[in-house]
Amino acid sequence: MSEDLRKEIQRLRQEVMRHEELYRKKHDPEISDYEFDKLVDRLHDLERRYPQYAGPDLGIGDDKAEGFQQQDHREPMLSLDNTYDEADFRAFGDRLKKALGGKNLELIVEPKVDGVAVSLTYEKGRFIRAVTRGNGVRGDDVTHNVSLIKTIPRNIKNAPDFLEIRGEIYMELSEFERLNREREAEGEALYANPRNLAAGTVKLLDLEEAKRRNLSIICYGLGTCEPPAFKSLREFKDQLKTWKFPVWDDLPLQEGIDNAWLAIGQLDNLRRKLPYPTDGAVVKVNRLAEQERAGYTSKFPHWAVAFKFPPDQAETVLKAISMQVGRTGVVTPVAELEPVLLAGSTVARATLHNADEIKRKDIREGDTVRIQKAGEIIPQILQVVLEKRPREAKPFNFEKRLEELGLDAIRLEDEAAYKLRAPSREMKIRRLVHFASKQCLDIDGLGDAVAEQLVSLGLVDAPVDALQLKESEWRMLEGFKEKSVDNMMTSLASAKNRELWRAIHALGIPNVGMQTAKDLARHFKSIDALEEAKLDDLLITHVGKKGGITTESVISGVGIEVSKSITSFFSDPNHRDWVKAMRKAGLNLIDNTPTTTVAGVAGKTFVLTGTLPTMGRDEARDLIEKAGGKVSGSVSKNTDYVVAGEEAGSKLTKAQELGITILDETGLMKLLEK
């Protein structure tokens, strides 16, 4: 019996951590919040009853990610305890009233926006930084991307000396739908829901891609305020409105738990008209002094709770499983459903993610399935209604369906998705359009219609083939007269002289967007050097004193996943042939960005660490490299300068041990001015 309990606890811990990884790191959850909370509750209950089998804290809710500078919160940024039924909510009210000595409760009720929690820091009224919740004590500095949100004031008048404003970053439903329309047009798998896309965008290291996605924010909470300036949350929210921060303030203050429960019902009706996804209501004590009196646990405040609305669900029949092929050749299964009304809209399709999910849930064509839409545009299939399964329904054979459709796809051992061995006609067209797009080689006139003709006529197989087409071959295209051909030849000639990063981006390396292509060009200086790069050239592995292994990026923003994509891409002989064709066509494949040599900088190696007061690390790196210097990701005896900002960490310590010159931002600028 005891061995069974130990194994059950271990199994639950592994399952919880797998789902936490999918939700926090990969932004691709397989189960609902409710199902996850029940798993966690089951685990905690067993570990409380049998502490001899309990393991260390799992760090649930920690959103810190690789590649980000980290920053402490002055005031801990705690999560909220969840409740799913009226009895639990009223029990929360009873505990709260008792903690406050029987006083009548004054409560704020507001939507629980399904997004990414963030803390905005202002010093002397000036916006300084944005940090995610992280583990509640320390989070990721995401100022770069959050600064793109236009509704965040950069300066506020009559502000305290130091102020932390808590809010939730989200993506409006209309923006989510716009981006999915673009994905569908590209033949790419659709984003599952706005929350995951918002979380991914906040942590996006490709700034140009981040600019394409419009994020929003709603502010609701107070962290540290020095000197103290507010007595209640209502007073604070009124001031936020005066400062022009976006806030939600549609419901009045509620007196007592009964009125708060009625307000939750009102909010349940209102939420479908809101422009952002909501998955519940947040109820919290208004007066700050009473919040302090109610107190906290290490994870949750006692003075607030989140009441989670039950997700919208419906039953329908899965008519068929179709296959969708993306630009990179990834094959994504899609459930074609009998149309059903769900959360105010008609649903006819649902994502199935990959073959593993179909197998895990034993989803078969003809099954009646239960689908869910919890603040999501793209619904998910929760489960099969087995009692309604037709007798003739057979287990879905993914590989056989690929064969029936003529899709020659394989699945590598370490990947979840199947990928075409050779590109399909549609893939060839999309690759060519990407290759010629404004964010790549910017070949004017080579759009969708022209790309389709080039592929259909067999003139282009790989995108690089377009660079070597003769005038006579361009004349074969419908609508291409002398003037059109002349214009195209001029465009192709211009494309050959573009910057190196454009050629790198045009290759279509998975996970390498525009900004990453710029970073790679700046670091490697030529496509030859990038092509020969090994993982050791992109990642530095450190073994700690206790045997722990950590990995550090040589290039800021190029982490493990991107590094593996790069080396895997160039290990393919076909992709090496593309590079050869680029050379043969006379494409510029070196970084010829002009630099101004600055004495004391040229030829020197710099390492950037910590958060600089006024400039981002990319901006500092650009200035150094344009002055002839080199920026490295790690400190060594060959490092000449370490430029250290706030929260510099281990790199600063190592620099001090090696006696390397330390500069702050002012010192760097003085050196550059020479």
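Quick note: the coordinates plus some simple rules give every number you see, no bench work behind them. Since we're looking at a predicted model, the values are computed, not measured. No Cβ is skipped: glycine too gets one built from the backbone with ideal geometry, and neighbour counts run over all protein chains shown.
Annotations
- All aspartates and glutamates inside 16 Å of Lys470 as judged from Cα atoms, apart from same-chain residues fewer than 8 positions distant: Asp461, Glu478, Glu482, Asp486
- In the structure shown, the pairs Lys299/Lys373; Lys103/Lys231; Lys319/Lys394; Lys103/Lys284; Lys112/Lys284; Lys637/Lys674 are assessed against 19 Å; a Cα-Cα span above that value is assigned to Lys299/Lys373; Lys637/Lys674.
- Computed with the Debye formula from one identical point scatterer per Cα of the range 500-584, without solvent, the log10 of I(q)/I(0) at q = 0.18, 0.20 Å⁻¹ comes to -0.73, -0.87.
- Ordering Gln291, Gly93, Gly667 by the projection of their Cα atoms onto the charge dipole of the chain, which places +1 on the Cβ of Lys and Arg and -1 on the Cβ of Asp and Glu, puts Gly667 at the extreme positive end.
- For Val247, the residues whose amide H sits under 5 Å from its own are Cys219, ignoring neighbours fewer than 5 places away on the same chain, with H placed 1.01 Å from N.
- Under Karplus coefficients 6.51, -1.76 and 1.60, residue-wise ³J(HN,Hα) of the range 289-303 in Hz, glycine/proline x: 5, 6, 4, 4, 5, 5, x, 9, 9, 6, 10, 10, x, 6, 9
- Length gained when the stretch Asp640-Lys674 is fully extended (0.36 nm per residue, less Cα-Cα span): 10.6 nm
- The range 264-310: relative contact order in percent, alpha carbon pairs under 8 Å with at least 6 residues between: 40
- Normalised contact order of the range 2-53, rounded percent, pairs of Cα under 8 Å and 6 or more residues apart: 45
- Put a plus charge on the Cβ of each Lys and Arg, a minus charge on the Cβ of each Asp and Glu, and nothing anywhere else: the dipole of the range 500-584 about its Cα centre is then about 140 debye.
- Rounded if a/c under 1.5, otherwise prolate or oblate - the range 385-429, Cα gyration tensor axes: prolate
- Remark: the Ser494-Lys481 segment gains 2.7 nm on full extension, using 0.36 nm per residue and subtracting the alpha carbon distance.
- One entry in [x] 88, 60, 48; [y] 82, 66, 50; [z] 87, 77, 56 is Cα extents along the principal axes in Å calculated from the shown coordinates; its label is [z].
- R0 of 41 Å, Cβ-Cβ distance Glu336-Glu647: FRET efficiency to nearest 0.05: 0.25
- Inter-site label distance for Thr224 and Lys534 at 7 Å from Cα along Cβ, in nm: 4.6
- Built amide H within the under 5 Å cut-off of Val142, gap 5+: Ala130, Val131, Thr132
- Residues Leu78, Leu459 in ascending order of nearby Cβ atoms (within 10 Å, fewest first): Leu459, Leu78.
- About the Cα centre, charge dipole magnitude for the range 425-495 (Lys/Arg +1, Asp/Glu -1 at Cβ), debye: 100
- Of all lysines in the structure, those lying under 23 Å Cα to Cα from Lys670, and not within fewer than 8 positions of it along the same chain, are Lys604, Lys626, Lys630, Lys651.
- Taking amide hydrogens as placed 1.01 Å from N in the peptide plane, the amide H of Thr316 sits under 5 Å from those of Val369, Ile371, each at least 5 positions away in sequence or on another chain.
- Alpha-carbon Debye profile of the range 1-107, log10 I(q)/I(0) at 0.14 Å⁻¹: -0.81
- Rounded to whole numbers, the Karplus 3J(HN,Hα) couplings from phi for the range 271-278 are 5, 6, 9, 6, x, 10, x, 10 Hz, using 6.51 cos²θ - 1.76 cosθ + 1.60 with θ = phi - 60°, and x at Gly and Pro.
- Modelled label positions at Arg154 and Ser298, each set 7 Å beyond Cα in the direction of Cβ, lie 4.2 nm from each other.
- Linear extension gain, Leu457 paired with Leu22, 0.36 nm per residue minus alpha-carbon span: 152.3 nm
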